[in-house]
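Undergrad: I am attaching a structure below and will ask some questions about it afterwards.
The values are calculated or read from the model by the stated rules, or taken from the named source; none is laboratory data. Note that the structure is a prediction, hence the values are computed from the model and not measured. We place every Cβ from the backbone using ideal geometry, glycine too, and count neighbours over all the protein chains shown. Areas reflect the complete protein model, heavy atoms only, side chains present, ligands, DNA and RNA absent. Shrake-Rupley method; radii C 1.70, N 1.55, O 1.52, S 1.80 Å.
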Amino acid sequence: MSYSRLRSNADYTNAYAQSVAEPEAFWAAQAERFTWRRKWDHVLQWDFNAPQVEWFKGGRLNITENCLDRHLASRGDKTAILWEPNDPGEEAQRISYRELHARVCRFANVLEHNGAKKGDRVCIYMPMIPDLAVAVLACARIGAIHSVVFAGFSAQSIADRIQDADAAFVITTDGMARGAKKVAVKAIVDEALRTCPGVKRVMVVRHTGEEVDMQAGRDVWLHDELKQVDADRPAEEMASEDPLFILYTSGSTGKPKGVVHTCGGYMVYTDYTFRNVFQYEEQDVFWCTADVGWVTGHSYIIYGPLLAGATSLMFEGIPTYPDAGRFWQVIDKHGVNIFYTAPTAIRSLMAQGLDFVRPCSLSSLKVIGSVGEPINEEAWHWYKEHIGKDRCPIVDTWWQTETGGILISSLAGITDEKPSYAAWPMPGVQPVLLTPEGKEIMENEVEGLLAIKFPWPSIIRTTWGDHERCRQTYFSSYKGYYFTGDGARRDAEGRYRIIGRVDDVINVSGHRFGTAEIENAINESEWVVESAVVGYPHDIKGQGIYAYVIAEKPVTDPDQARSEILATVTKMIGPIAKPDKIQFVSGLPKTRSGKIMRRILRKVAENELNSLGDTTTLLDPAVVDEIKAGRV
Ligand code: 7RM
């Protein structure tokens, strides 16, 4: 049974049943849609204990051939990327499939001309401009492994990621514009590269036109390089399980992990979920507001939409520039049909009032979506009524960097929706709820730890350079399952509601940070003895960051001390990881074995001072009273 799109609830039910009964037949049928240089020998081989998961083994392909070349005959003149600049006065750009193909080929030749080849890692640090998509696809074209680093991350974060992946190539721009702010992107890269002697070549895209330092022998301008190369570059033939990209993501330990996705399975799954979740139709304009620096941008700005032959809108700016109506203005301007954004954006625009929404018609919208964190009911209803005008289905899509694509979501207008529920597993996805002891909970109307018991095509394959870490993090807590780190509830009919992380990960505006990662940054200040970071509910961001800090000496100027900490976190990670609240304390609540009792710190941050639980086992129970009294 091969659907181009599931069109009814019965289609979904049938597809789901088949995907569980005969997963290999199910995914093989989906994979038939693509151009393969060679068909696979095995659809799936797997062992979650290793872990080892291989999809379409023996198959040979190139994902860009499927994103670009495959569409040229029928969609050559269709707009592939519709770019909306930061400045609304500047003209939008429409890049056709034919033109995108040509630009990717040329860029691929530049990469090769500069020594990059299959398997090499290329770090991409760029604003949301078409060249970013071109750079990503150019890497995939030659089989180089891209590692996109979000352009809001600090020089230190870039350096960490370049070193971890041992990337010898960097692609960046001179500068970038975000709202009214200008950022000297190349200067940040230069700073990062002071500790990255392994970088042989930096390719710089001229974007803002500002002055930059070019290091002779290392840095080249893309526009100069482009003059020296051919317009064609056949796609490199890749094995299904060759790595396609690395994307760093935070976990409960201090150091972000390089999540690795591979070519074949990722291709099949991002295309399948894009078409079905959003109920994409040929003429639709699709807009995902994420940054390509996050997995959402990889899968639903670049790969998913282009694989489906869609028009993908890419926006350089921010939701509040020049005013808080920008999203709605852009929807009207380009006739956006499918709009996919994050709860934090919805909540912050909701807080601006309806004056920014009213002047816009939003009549082109058919489907609206949400991703990145739980969407609270209030925001869900506001989105439904004021943006979807009560006629657009909402898809609340739950997934992770590690899952590559959407795992739980309703299908727009096809399967039912319920506020604050991501709802239904995608075909091929077998979620379970576990007790803390690892027992599967079979009933409905229950809560548990969310795990997945069977592989789907875009599951994480490894963490770069450290397979054991991948095993430890995702496959060792509960034998035989992929563990998500999220808690969830299943309702009476079987819909899933994601409650949030059960590990030491904080989700700030849909961005993941490990508490340990932020603590490490705070501890960089030499006068900081120790710190403990927890999340707390935040009206706009979903979760805010609350830091408890022990200083060497009593803090005489807390404002000065706080700004020093904020500066350090900005330097080590980036401004998005700055704590919202900092409390100076003389000690932390620790057990006799020295373990910080985060539960107590969380309760204080949440202002739940009367439900701290048992504190008698603490090394020094008195410290709790001090912490309660000093709450900020
Ligand atoms: C796509 C993405 C993953 C974490 C995940 C959850 C949370 C994401 C939803 C959600 C509730 C959702 N990748 N999360 N989507 N929680 N409802 N629809 O965000 O790797 O950056 O984050 O985000 O906790 O584990 S991510």
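Undergrad: Inspect all residues belonging to the stretch 506-526 and state whether any of them is in a loop (DSSP other than H, G, I, E, B), crowded, with 20+ Cβ neighbours inside 10 Å, of a type in the set (D, E, K, R) and within 21 Å of the chain's Cα centre (by Cα).
TA: There is no residue in the stretch 506-526 that is in a loop (DSSP other than H, G, I, E, B), crowded, with 20+ Cβ neighbours inside 10 Å, of a type in the set (D, E, K, R) and within 21 Å of the chain's Cα centre (by Cα).
Undergrad: In the stretch 489-517, which residue that is of a type in the set (A, V, I, L, M, F, W, C) and away from the ligand (no atom under 16 Å from the Cβ) is modelled with the lowest pLDDT? Walk me through it before giving the result.
TA: Narrowing the stretch 489-517 to residues of a type in the set (A, V, I, L, M, F, W, C): 492, 498-499, 502, 505-506, 508, 513, 516.
Cutting the leftovers down to away from the ligand (no atom under 16 Å from the Cβ) gives us 492, 516.
Numbers: Ala492: 98, Ala516: 90.
Checking each candidate, the answer is Ala516.
Undergrad: Might you let me know whether the stretch 65-83 holds any residue that is among the hydrophobic types (A, V, I, L, M, F, W, C) and within 30 Å of Cys470 (Cα to Cα)? Reasoning before the result, please.
TA: Initial filter on the stretch 65-83 (among the hydrophobic types (A, V, I, L, M, F, W, C)): 67-68, 72-73, 80-83.
Still in the running and within 30 Å of Cys470 (Cα to Cα): 67.
So far as the stretch 65-83 goes, yes, one or more of its residues are among the hydrophobic types (A, V, I, L, M, F, W, C) and within 30 Å of Cys470 (Cα to Cα).
Undergrad: Identify all residues within the stretch 350-366 that are open to solvent by less than 30 Å² (accessible area, probe 1.4 Å) and modelled with pLDDT under 95; write none if there are none.
TA: Passing the criteria: only Gly353.
Undergrad: Got a number for residues in the stretch 44-78 being under 22 Å from Glu236 (Cα atoms) and either open to solvent by less than 10 Å² (accessible area, probe 1.4 Å) or part of a strand (DSSP E or B) (or both)?
TA: Residues flagged as under 22 Å from Glu236 (Cα atoms) and either open to solvent by less than 10 Å² (accessible area, probe 1.4 Å) or part of a strand (DSSP E or B) (or both) within the stretch 44-78 amount to 15.
Undergrad: Does Glu468 meet the test of being without any contact (Cβ under 8 Å) to a residue 12 or more places away in the chain, more than 16 Å from the ligand (Cβ to nearest atom), open to solvent by 30 Å² or more (accessible area, probe 1.4 Å) and under 26 Å from Ser240 (Cβ atoms)?
TA: yes
Undergrad: Let me ask another. Pairs under 7 Å by beta carbon, first residue at pLDDT 95 or above in the stretch 83-96, partner surrounded by 14 or more Cβ atoms within 10 Å (Cβ to Cβ) and among the charged types (D, E, K, R), six or more apart or different chains?
TA: Glu84/Glu316; Pro85/Glu316; Asn86/Arg178; Asn86/Glu316; Ala92/Glu84; Ser96/Lys78
Undergrad: What pairs come up if the first residue lies in the stretch 430-444 and is in contact (Cβ under 8 Å) with a residue 40 or more places away in the chain and among the polar types (S, T, N, Q), the second is open to solvent by 60 Å² or more (accessible area, probe 1.4 Å) and in a loop (DSSP other than H, G, I, E, B), and their beta carbons are under 6 Å apart, counting only those six or more places apart or on different chains?
TA: Going by the 6 Å Cβ cut-off, the qualifying pairs are Gln430/Lys453.
Let's see how each residue does on (1) more than 16 Å from the ligand (Cβ to nearest atom); (2) at pLDDT 95 or above; (3) in a helix (DSSP H, G or I); (4) open to solvent by 10 Å² or more (accessible area, probe 1.4 Å):
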{"residue": "Asp332", "(1), (2), (3), (4)": "yes, yes, yes, yes"}
{"residue": "Val336", "(1), (2), (3), (4)": "yes, yes, no, no"}
{"residue": "Tyr340", "(1), (2), (3), (4)": "no, yes, no, no"}
{"residue": "Ile368", "(1), (2), (3), (4)": "no, yes, no, no"}
{"residue": "Asp390", "(1), (2), (3), (4)": "yes, yes, no, yes"}
{"residue": "Asp396", "(1), (2), (3), (4)": "no, yes, no, yes"}
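Undergrad: Here are some residues: Ile318, Ile414, Ile406. Which one is within 13 Å of the ligand (Cβ to nearest atom) and in a loop (DSSP other than H, G, I, E, B)? Don't jump to the end; show me each part of the working.
TA: Numbers: Ile318 fails: within 13 Å of the ligand (Cβ to nearest atom); Ile414 fails: within 13 Å of the ligand (Cβ to nearest atom).
Among Ile318, Ile414, Ile406, only Ile406 is within 13 Å of the ligand (Cβ to nearest atom) and in a loop (DSSP other than H, G, I, E, B).
Undergrad: Okay, next question. Please state which of the following conditions Gln400 fails to meet, knowing it meets all the rest: (1) more than 13 Å from the ligand (Cβ to nearest atom); (2) under 24 Å from the mean Cα position of the chain (by Cα); (3) over 21 Å from Phe327 (Cβ atoms); (4) surrounded by fewer than 24 Cβ atoms within 10 Å (Cβ to Cβ).
TA: (1)
Undergrad: Additional query: Pick from the stretch 435-459 the residues that are in a strand (DSSP E or B) and under 21 Å from the mean Cα position of the chain (by Cα): which of them is surrounded by the fewest Cβ atoms within 10 Å (Cβ to Cβ)? Full working, then the answer.
TA: Going residue by residue through the stretch 435-459, those that are in a strand (DSSP E or B) are 440-441, 446-452.
From the residues that got through so far, the ones that are under 21 Å from the mean Cα position of the chain (by Cα) too are 450-452.
Numbers: Leu450: 26, Ala451: 24, Ile452: 21.
Among those residues, the one meeting the criterion is Ile452.
Undergrad: Would you check if Arg33 is in a loop (DSSP other than H, G, I, E, B), surrounded by fewer than 21 Cβ atoms within 10 Å (Cβ to Cβ) and more than 27 Å from the chain's Cα centre (by Cα)?
TA: Values: in a loop (DSSP other than H, G, I, E, B): yes; surrounded by fewer than 21 Cβ atoms within 10 Å (Cβ to Cβ): yes; more than 27 Å from the chain's Cα centre (by Cα): no.
So Arg33 does not fit the description; no.
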